[in-house]
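Throughout, read-outs are computed from the coordinates displayed, never taken from laboratory work. The shown structure was predicted, so the numbers you read here are calculated from the model rather than taken from an experiment. Here Cβ is always computed from backbone atoms with ideal geometry, including for glycine, and neighbour counts include all displayed protein chains.
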Amino acid sequence: MNQAQKLAIIAALQPLYKPVRHPILLLGPPGTGKTYTLSSLILAITLSKPDQLIHVVAPSNAAVREIAIRLLRDSQRTNFLHSSQICLFGNKDSVDTADGIDAIYVNSRSERLRNFEIRLSQAKLNLADFYGLVQRDDQDQPSVSLTWDWRKDFVDESRALLAALIFDLTDSFVNCRTQAKECLALLTQWVEGLQIGLDSLDDAQKHLIESALPLFLQCRLLTRLNSGPDARNLINSSTRVAFSTVNSAGSKSLQPFFKREPLIVLDEGDFLERSESPVTTKLTAILIPFSYAKRRARDVLALASRNQGSHRDRRS
């Protein structure tokens, strides 16, 4: 990180320690590391003020997605934020969930946590009877193929539940991440080495399932989580960094976050380059969703591109 980026982070931390009367605007040409600086800034805030909520907004889904991907990767590298503390909001028809975004997209997370405790309890029963259960066909006859289909589907469901325990739930809900990771590794190994004999129910990898069972039985929740509202409340309370476009910033799903007075971070570089309006006018336009919603924010930090001046100017 260069000196200019360090100074930018120090300046952006000001609203956390003293009142400021105006939004903080960080300018930087394309290619000067604004996304990296923003990700580092967010991590610095989470370390300095653990209770501070951050709401990152940008004009487009692509811009929001770029920042979210960078923060997710930097968080995994540094372990400063757990993935359950990062959440991307947006319309399911416009959000691209590739490149790991599915891990933090609110709709995907809600689906993974739907009826979670009930599904986890059923999965434990299924694993305990993994080799005792035999599926039957329409004539109520034992079926080798249907039994193997059930086993594969069940292991996939179990792996999804374990992944949710590891990545979607905070420490206030689980204390069994180590067991979940070990169990997930065993079930993944079982899937990768699966060779089905269509004429037999024998499993050459039976030892993997037997090793996974005691670990799976140790995976439990510290707090009940059954209904859809339970999952949504969990997501709301766990999130420390929320991402959305400007247009969706005033949506109902984000209402709970404004009760916590978030620090709003605007990444609107593309917006600035496409417009000839003064910076203050552009910032006012971007803040309209928040003023209409009559919501509270701690302060505003804006990042903008400036593709003007000499090469030397752009690098400074």
With a Förster distance of 30 angstrom and the Cβ-Cβ distance between Gln195 and Ala128, calculated FRET efficiency to the nearest 0.05 equals 0.80
Taking the mean number of other Cβ atoms within 10 Å as a proxy for protection, how do you rank 28-37, 56-65 from highest to lowest? 56-65, 28-37
Applying a 10 Å radius around every beta-carbon, put 101-113, 129-141, 232-244, 250-262 in order of their mean neighbour count, most first. 232-244, 101-113, 250-262, 129-141
Suppose R0 equals 30 Å; then what is the FRET efficiency for Leu7 and Ser237 from their Cβ-Cβ distance, rounded to the nearest 0.05? 0.30
Distance cut-off 19 Å, Cα to Cα: go down the list Lys6/Lys34; Lys92/Lys152; Lys18/Lys252 and report the pairs above it. Lys92/Lys152; Lys18/Lys252
Just going by the charge dipole of segment 172-220, with Lys and Arg at +1 and Asp and Glu at -1 on Cβ, which of Ser172, Leu186, Ser211 is farthest out on the positive end? Ser172
Modelling each spin label as a point 7 Å along the Cα-to-Cβ direction, I'd like the Glu157/Arg73 distance in nm, to one decimal. 3.6 nm
Just grab the label-to-label distance for Leu217 and Ile118, each label 7 Å out from Cα along the Cβ direction, in nm (one decimal). 2.5 nm
Length released on extending from Glu66 to Asp96, taking residue separation times 0.36 nm less the Cα-Cα span: 9.7 nm
With the calculation restricted to Cα positions, what are the radius of gyration and Dmax of segment 112-217 in angstrom? 14.5, 48
FRET efficiency for Lys259 and Arg224 from the Cβ-Cβ distance with R0 = 25 Å, rounded to 0.05, comes out at 0.60
Those lysines that a straight Cα-Cα span of less than 17 Å connects to Lys181, excepting residues fewer than 8 apart in one chain: Lys124
